[in-house]
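See structure below.
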Amino acid sequence: SVDHRACGHGKIILLGEHAVVYGSHAVAAPVPLAVRAVAQDTKSGGVDMFIPRWGVEYRLHRDPAHRDSFQRSLGIIFDELQLTDRSMRIEVFPNVPRAMGLGGSAAMAVAVIRALDQHYKLNLSDEEINALAFRCEEVAHGSASGIDNTVATYGKPLLYKRAGKKGEAPMVQELHLPKRIPLVIGISGKESLTAVTVGKVRTAWQRNPALYDGIFQQIDALTLQGVEAMQQYDLERLGDLMNICHGLLNALRVSSWEVEELVQIAREHGALGAKLTGGGGGGSIVALCPQNREKVAAAIRDAGYQAMEVDIG
Ligand code: MEV
């Protein structure tokens, strides 16, 4: 039987990606795309994972040392819940595109944990689900801030700041917006792994920490101004802040040719602000479109990319 609650939400980051890894604030919101998973008992003698849409099919290796990176990340779930020796089939239905900066990996981890929670009646709290998904994210992209798994778990717009020390809880504040914020997501089609762009920023930061810390501080300050703009529904100001944030992300060299084209198309067709969202290096952009939303989406499609109209809040 299919249980519709076994879902993890995809997300966009409106302001603050990358800097959030270094302790800055970031604003994120769920998108109406989710990953769903179903667990069933079998007599196969192992954990079999099926992701038909991606052509992925594997038997989870019992020994973590023999798992590839994909198995290693999700494998933590089974080890931690002591289910590695069970005989089961997990089927995953991802409606979040892979490696497009929309939180697909975190949404998948949350969906699998929830499917296991329901099937084995583990009674996990959202906090426990979130903490376990964070461990998967740490394996999937090294120094994850924890923002993706938090939105994937709770499915609400939030302001996020990672914990100062390991073991401490992050600052998570739900954002209550006066009205919905109309956006267009432009999907470049160029897959990009967050692990790679996060690693690139880390290398640059290690070479010149003072310079990069300055950029992260600017992103932090504009993110907090963005929260104010959202709460006052001052979309002109929010758009400006998104544009500046994109400039700073470009300075971190996590943009790409396709992302720049998408951002230009969105701005030229009337978006108040447009920026890359998530890890970058390809992936997706987000454009703020209180007017001209259909025009922006159509122009993105005309240029050969995918566009999605979404509201947050
Ligand atoms: C990825 O969605 C957001 C990044 O800031 C990485 C992270 O916070 O873990 C790039």
Next item on the list: Kindly give the semi-axes, whole Å and largest first, of the ellipsoid equivalent to segment 181-312, taking each as the square root of 5 times a Cα gyration tensor eigenvalue.
Entry: 25, 19, 10
Item checked: Selected from Ser44, Ser255, Ser188 as most flexible by GNM, with the chain as the system and alpha-carbon contacts under 10 Å -> Ser44
Check: Distances over 17 Å make up what percent of all Cα-Cα pairs in segment 122-189?
Finding: 52
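Based only on the alpha carbon positions, what is the Kirkwood hydrodynamic radius of segment 45-191, in angstrom? Write down the numbers at each step before the final one.
Values: mean 1/r = 0.0606 Å⁻¹.
The Cα-based Kirkwood calculation yields 16.5 Å.
Using only Cα atoms, what Kirkwood radius does the chain have, in angstroms?
Numbers: mean 1/r = 0.0508 Å⁻¹.
It works out to 19.7 Å.
Size of the dipole of segment 7-174 about the Cα centre, Lys and Arg at +1 and Asp and Glu at -1 on the beta carbon, nothing else charged, in debye to 20? Could the numbers behind the result be given before it?
Working: 19 positive and 19 negative charges, 36 e Å.
It comes to approximately 180 debye.
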Next item on the list: Jot down the per residue volume, in cubic angstrom and as a whole number, of the convex hull over the alpha-carbon atoms of segment 112-235.
Entry: 162
Check: When the distances between all Cα atoms of segment 24-131 are binned every 10 Å from zero, what whole-number percent does each bin get?
Finding: 13, 47, 32, 7, 1
Check: For helix 293-302, what angle does its Cα long axis make with the longest principal axis of the chain, in degrees from 0 to 90 and rounded to 10?
Finding: 70
Item checked: Listed residues Lys11, Lys166, Lys295, most fluctuating in the chain (Gaussian network, C-alpha, under 10 Å) -> Lys166
Notebook entry, point to check: What accessible area per residue, rounded to a whole number of Å², is obtained for segment 7-174 using a probe radius of 1.4 Å?
Noted result: 41
Check: Pairing the Cα long axis of helix 235-251 with the longest principal axis of the chain, what angle in degrees results, from 0 to 90 and rounded to the nearest 10?
Finding: 70
Checklist line | Protection-proxy order for peptides 138-151, 58-71, 222-235, each taking the mean of Cβ atoms within 10 Å per residue, highest first | finding: 138-151, 222-235, 58-71
Notebook entry, point to check: Spin-label point model (7 Å from Cα, Cβ direction): what's the Glu80 to Thr42 distance in nm?
Noted result: 2.4
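The values are calculated or read from the model by the stated rules, or taken from the named source; none is laboratory data. On a predicted model such as this, the values are computed, not experimentally measured, just so you know. Please note: Cβ atoms are built from the backbone with ideal geometry, for glycine as well, and neighbour counts cover all protein chains shown. What goes into the accessible areas is simple: the full protein's heavy atoms, side chains included, and nothing from ligands, DNA or RNA. Shrake-Rupley method; radii C 1.70, N 1.55, O 1.52, S 1.80 Å.
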